[in-house]
Amino acid sequence: MAHFNGDAVVVLADEAEYSCRATLQSSTEQVSARTFTNTTRLPGLTNWSGTIDLGDDGAAWAVQEADEPRLRIGDRESGFTVPGGNVGTGVLRIKGSGTPPFD
C-alpha cells in the first residue's frame, strides 16, 4: 500500500486545470492462481482513492461534473471518478483504478 499527501493538479477534458491538495492511498488485490502443483498468490488490480481539496466550490463543481477528470502528480496522470464529497467546501472524494499517479 502506498500513500501520498501533497500538491496535485486536476486536468479536465477541455484542458482546464485546477490545483489541489491530495490525500491518497493505493492497494493491490491479491488473486489466487492455481498451477499443476500448487496455488500461488499473484497481484491483481490496483485501486487508489482519497480526497482532493480544491479550496473553491466553483472548481469542485467543475471537477465533479467533468466526464473524464485526470489527476496529475509530477509527470504522472491517472483518471478517476468522484463518488462523493462536499462541493461547498471544495473537498471531493475520488476513486481511481489502474496505475496510481504516485508511488
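Side notes on the structure shown:
- Shape call, region 39-89: gyration tensor on alpha carbons, a/c limit 1.5: prolate
- The GluC sites (Glu not before Pro) found in region 4-39 that occupy coil by DSSP, while having at most 10 further C-beta atoms within 10 Å, are E15.
- Calculated mean residue ellipticity at 222 nm for the chain: -2500 deg cm²/dmol, from DSSP H runs with n ≥ 4 weighted as -39500 (n - 2.57), summed, divided by the residue count and rounded to 500.
- The chain - convex hull of alpha carbons, volume per residue in Å³: 103
Bear in mind that the values in this text are calculations on the coordinates, not laboratory data. Keep in mind it's a predicted model, so treat the numbers as computed, not measured. All Cβ positions, glycine included, derive from the backbone under ideal geometry; neighbour counts span all protein chains shown.
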